[in-house]
Amino acid sequence: MAVAAPPRRGPPVTNPTGPRSGPRSGPRPGTALGVLVVEDDDGDALLVAELLEIGLPGAAVRRARTVAEAAAMLPGDVDCVLLDLGLPDSSGTDGVDRLIAAAPSVAVVVVTGADDERMGIRAVASGAQDYLVKDQLDERVLTRSILYAVERRRAEESARRLFEAERRRDDNARMERALLPRPILASEDTGLAVTYRPGNQGAELGGDFYDAVELGNGWLRVVIGDVSGHGPDEAALGATLRSAWRALVLAGFPTDEVLRTVEQLLRTERHHEHAFVTLCMLDIEPARRLASVTLAGHPPPILLADDARFVADDLRGPLMGIIDRSHWPSATLELPERWSLMLYTDGLIEGRAGPDQRERLGEARTLEIVRRHHRSGAVGEVLIDAVVTEVEQLHGGPLSDDVAVCLVDGRWR
Amino acid sequence: MLFDLEVSTDDDGVVVCTIVGELDVATAPKLRQELVRLASAQGPAPRVVIDLAGVDFLDSTGLGVLLGGLKRVRSHGGQLALARAEPQVLKVFEVTRVIEILPVHDELDAALAAVRG
């Protein structure tokens, strides 16, 4: 890989750190800067040690005589290696490669002879942060070069971390699309609002998923589910089950058969044998007057009309993947003329609350929050965002678990 | 958050795990670790009772760890039982029907008797 040549030396500072002020900052705050001098000549090593004593009085300086010896001491507490390129056990710039291989985050400054500056440039191309010419060394040049190398290495490290974080966000976004698809809704009198917030301040996807499909015959079928645990395996499993659910529903299978097949898939696709899934499924008839609620170990949905209340909360359907020969009971619900049904995953009701966040929010207080925002006239996305935001405020910040909320609404036909 | 896990073994070799605090995504890994250790250290047929009297909150991660422990102990030919869940914790086992495969006993003695067989 081509490496752009770095600017020679550090920024033009008149007094880099003050020869006696010691390092301002190093990669390990609160500890002394660690410098490893790799030099086979005792006289040269002594000279460098004296220069460091003057230029970086707080530094912890250690010495190695060969590249092999130095590599064995890494990473230790070493921030910067000062590497002589004329060591008996290395040739050319291979010492740089070996040290970087031993400690990828360490800064390397090479020291060359006066007639060998080109080797210094090659060392920088190989990954060293800087090079110095041996007979031009003084404490100022040495200090500035080491501090600069450490800062530069640290900047490279942050850039790499940033890159990885961005890549992870991209992965998360890709997975989110698989977990949280575009619902298939045909009629204008049926609304769906959804929100999904990954847990752990957006860093980690869980396996929450949802989907909604309106079939050609007018039936509206909705699911929300939650794979136990958090992480990429759980998210992938959630995405698999979600698309299986959609395929089975589009193919017109009845609810019990859909759930039995989804469970079968869970048992064969899961990453460890006690992973389980809870879910809530709704089947709403074409006239939009009756809904069937099916729960598999999942918290009950909330019906919003004149008031807000839990429905089907006495259903005891087994969670999926653990109990053999499961059957999932359904409850039939008579819908009011205009209705909304809120489905959610347990992240919503398990946030913290109360003084010092010592309590858990729980179902009853969550219902109070939903009821209050519903009565204030909030609908659709505004309503669910207001609810989730208030739950987060009570929690004292972003929730640790991921949360999915779906709000379906409709009216009699 | 408050969490404490104590393990004692009675004269019959039955292990009692006493948990105090919240068994959730943050604390459940400690219990998992302990159950893995118990299942393999107890020799054949480990008998384990988990006393939940001090547990005031159980989430799905905690439930997953208990189910994993059950599976692990049974795979070693052993028995695992739960005792003394608070109502809000008991509800988790009821709503998910996990209670059908992992009984929760009202009294510690009943749980001890259950794993002794």
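Observations on the model:
- Relative contact order of chain A, pairs being alpha-carbon contacts under 8 Å that are 6 or more residues apart, as %: 13 percent
- When its C-alpha radius of gyration is set against 2.2 N^0.38 Å (N residues), the range A:180-411 gives a value of 0.96.
- Occluded residues from the range A:294-315, i.e. those whose accessible area drops by 20 Å² or more once the chain is not alone (1.4 Å probe): A:Gly297
- The spread of Cα positions in the range A:34-162, taken along each principal axis and listed from longest to shortest, comes to 42, 32, 26 Å.
- Straight-distance crosslink candidates among lysines, where the alpha carbon sits under 30 Å from B:Lys71 and sequence neighbours closer than 8 are dropped: B:Lys30, B:Lys91
- Chain B against chain A buries an accessible area of about 1800 Å², both chains summed, 1.4 Å probe radius.
- Tilt relative to chain A, helix A:380-395 - C-alpha long axis, 0 to 90 degrees, to 10: 60 degrees
- For the protein assembly as shown, the fraction of 1.4 Å probe accessible surface lying on carbon and sulfur atoms is 51 percent.
- Delta accessible area of at least 20 Å² on complex formation, residues of the range B:17-35, 1.4 Å probe, chain isolated as reference: B:Glu22, B:Val25
- Average accessible surface area per residue within the protein assembly as shown, 1.4 Å rolling probe, Å²: 45 Å²
- Nearest 10 degrees, 0 to 90: helix B:28-41 Cα axis against chain B principal axis: 10 degrees
- Estimated 222 nm signal from helices in chain A, with DSSP H stretches of n ≥ 4 weighted -39500 (n - 2.57), rounded to 500: -11500 deg cm²/dmol
- Qualifying GluC sites (Glu not before Pro) in the range B:51-117, where qualification requires a DSSP coil assignment and no more than 12 other C-beta atoms within 10 Å, comprise B:Glu107.
- At 0.692 mPa s and 37 °C, Stokes diffusion of chain A via Kirkwood alpha-carbon radius, µm² per second: 128 µm²/s
- Computed over chain B with a Gaussian network model linking Cα atoms closer than 10 Å, the most mobile of B:Asp24, B:Asp51, B:Asp11 is B:Asp11.
- Within chain A, longest stretch free of exposed GluC sites (Glu not before Pro) [DSSP loop, at most 10 other beta carbons within 10 Å]: A:1-187
- Phi-based couplings in Hz for the range A:353-364 (Karplus 6.51, -1.76, 1.60; Gly and Pro marked x): 7, x, x, 6, 6, 7, 9, 9, 4, x, 5, 5
- Among the chymotrypsin sites (Phe, Trp or Tyr not before Pro) within the range A:184-261, those in coil by DSSP and having at most 15 neighbouring Cβ atoms inside 10 Å are A:Trp219.
- log10 of Debye I(q)/I(0), alpha-carbon scatterers only, for the range A:114-265 at 0.14, 0.16, 0.18 Å⁻¹: -0.78, -0.92, -1.06
- Burial of 50 Å² or greater, the range B:88-103 residues [accessible area, probe 1.4 Å, versus chain by itself]: B:Val95, B:Thr96, B:Arg97
- Cα-based equivalent ellipsoid, the range A:122-163: semi-axes from gyration tensor eigenvalues, Å: 24, 13, 3
The values are calculated or read from the model by the stated rules, or taken from the named source; none is laboratory data. Not measured: the values here are computed from a predicted model. Virtual Cβ from ideal backbone geometry, glycine too; neighbours counted across all protein chains shown. When the accessible area is computed, the model is the full protein with side chains, heavy atoms only, and any ligands, DNA or RNA have been set aside. Shrake-Rupley method; radii C 1.70, N 1.55, O 1.52, S 1.80 Å.
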